[in-house]
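Comments concern the structure below.
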Amino acid sequence: MKRIEFPKGFLWGTATSAHQVEGNNRHNDWWEWEKSRNGDRSGEACAHYDLFEEDFTLAQSLHTNAHRLSIEWSRIEPEKDRWDEREIEHYRRAIDSLRSKGIEPIVTLHHFTNPLWIARSGGWESGETAVQFADFAGKVASEFAGAARWWVTINEPMVFIDAGYRRGHWPPQVEDDARATKVMRCLIRGHRMAYKAIHEATAARHGREVSVGVAKNFLYFVPCRPRCLKDRWAAWLRHFQYNRLFLSAIAGGVHGCEALVGGKGLPLKKALDFIGLNYYIKDFVCGERLDLPWGTALAGRVCTWEHRQHIDGRERNSLGWLISPEGIGHALHTLKGYGLPILITENGICTTDDSQRERFIKEHLFHVAKAIQDGVNVVGYTYWSLLDNFEWHEGFEPRFGLVEVDYATQKRTPRPSAAMYAQICRDNAFVYDGT
Ligand code: FCB
């Protein structure tokens, strides 16, 4: 039994995103896409748009001092250059509600969804989208930067690219490497322009310091056959391409990344104040296709080699994602190299066995604390998610919440893991009985 302690002032929180909890986000591309497929539609979701006060009171009862939320672009700007003042007021009330409860808002501007007018004018394949996004970011920052210190421009750019443009199971359902690469360039540009716009708007309007970052999803890639050189090389390439390339292109000073994504004109200046880390899974990689052209080799491939061997005896969440607490330590040590503060913007588990959630949280926090002891500058942790919610194409089945949602009645019921997490948040420490 060990007592694990966290630094003074550590941010303890929960995370959500607009489309997954609010309900009725009718003006975005997901809403449109959901109409055309079999499966759950976001619909009312958790009705958080109306129930945010109750939900934030719950977050307060968990002794959290931070909460990550996203602002739905399609609500604020339902048509090009038309700002909806009522929606701006809505988010002002939400952010003020958090602050009045002693909870620091962490504001995300792009969490997978796009306004329909953006999707219809080429989405993130159009160079114009970066400009529009920066406009939106500047507008929101000029409204709220006085009340929010932490800003996330884009959530999980690689997931957005992979699911929407490479594997094609999210809107706009494209499967094309060249188009995916173009989207990556536009997202890098969009982040850079939004970074600048947020800082400029804040300085002009509020004269206060803000921290602007991205939420970078990190996969813990391991070679299928630890002694096989091809597999090790493939795992390293996947790590570089998936975990590092985007960050390196915005963190400044890392030459060469622009060439890899084909964006010669991309500036090298630093456009990042902190790194948001989203961490969930470990992934096996094998290198059998390494002799194919560069693009494919760079992508590597997820292992099907003796798949059973990887499945047997390993813990998974209810979506089958492979759990590996030491992976969060690996991610933190990798990110340390960028020399920036790290905020864990997502980490969590979907499960119907709440004791698995308790174990998951403690095991991951153990590795976070270890990394902090090793000198990694981790400033906070926000558990995904406060509430059960709409898990994109997987619908409402996966249960990620500390708080259970009954979708028929919108009744909230905190799970035992919520009480456990509340105690950690309150004590800034916990007793760990693992190894
Ligand atoms: C992340 C997303 C988040 C949620 C969790 C489970 O990839 O950022 O919206 O879906 O996974």
Revision key, fill the gap. Compactness summary of segment 87-221: radius of gyration and Dmax from Cα atoms, Å, are 15.7, 47
Review point. For labels at Lys270 and Ser61 in the simple 7 Å Cα→Cβ model, what's the distance in nm?
Key: 4.3 nm
Practice item. Can you send over the carbon and sulfur percentage of the accessible area for segment 1-142, probe radius 1.4 Å, protein chains only? Key: 46 percent
Review point. What shape does segment 70-137 have by the C-alpha gyration tensor, where a ≥ b ≥ c are the square roots of the eigenvalues, rounded means a/c under 1.5, and otherwise prolate means a/b greater than b/c and oblate the rest?
Key: prolate
Study note, to complete from the structure: Note to self: C-alpha centroids of segment 385-435 and segment 325-339 sit apart, in Å, by 25 Å
Revision key, fill the gap. Taking every other residue with Cβ under 15 Å from the Cβ of Ala66 and scoring Lys and Arg +1, Asp and Glu -1, one gets +3
Check your understanding: Excluding ligands, DNA and RNA, what is the solvent-accessible area per residue of the chain at a probe of 1.4 Å, expressed in Å²?
Key -> 40 Å²
Check your understanding: How would you classify the chain from its alpha-carbon gyration tensor, with a ≥ b ≥ c the square roots of the eigenvalues: rounded for a/c under 1.5, else prolate if a/b is greater than b/c, otherwise oblate?
Key -> rounded
Revision key, fill the gap. Per-residue ellipticity at 222 nm attributable to helices in the chain (runs of n ≥ 4 DSSP H, -39500 (n - 2.57) apiece, nearest 500 deg cm²/dmol) works out to -12000 deg cm²/dmol
Point to revise | Equivalent ellipsoid semi-axes - Cα gyration tensor, segment 305-435, angstrom | key: 25, 20, 15
Review point. Under a point spin-label approximation (7 Å from Cα along Cα-to-Cβ), what is the Ser100-Glu326 distance to one decimal in nm?
Key: 4.8 nm
**Study point:** Gain upon complete extension [Thr409, Glu288; 0.36 nm per residue less C-alpha separation]
**Key:** 38.5 nm
Check your understanding: Relative to the present Cα-Cα distance, how much length would full extension add between Glu315 and Arg93 at 0.36 nm per residue of separation?
Key -> 75.8 nm
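The values are calculated or read from the model by the stated rules, or taken from the named source; none is laboratory data. From a predicted model like this one, the values you see are computed outputs, not experimental measurements. Please note: Cβ atoms are built from the backbone with ideal geometry, for glycine as well, and neighbour counts cover all protein chains shown. What goes into the accessible areas is simple: the full protein's heavy atoms, side chains included, and nothing from ligands, DNA or RNA. Shrake-Rupley method; radii C 1.70, N 1.55, O 1.52, S 1.80 Å.
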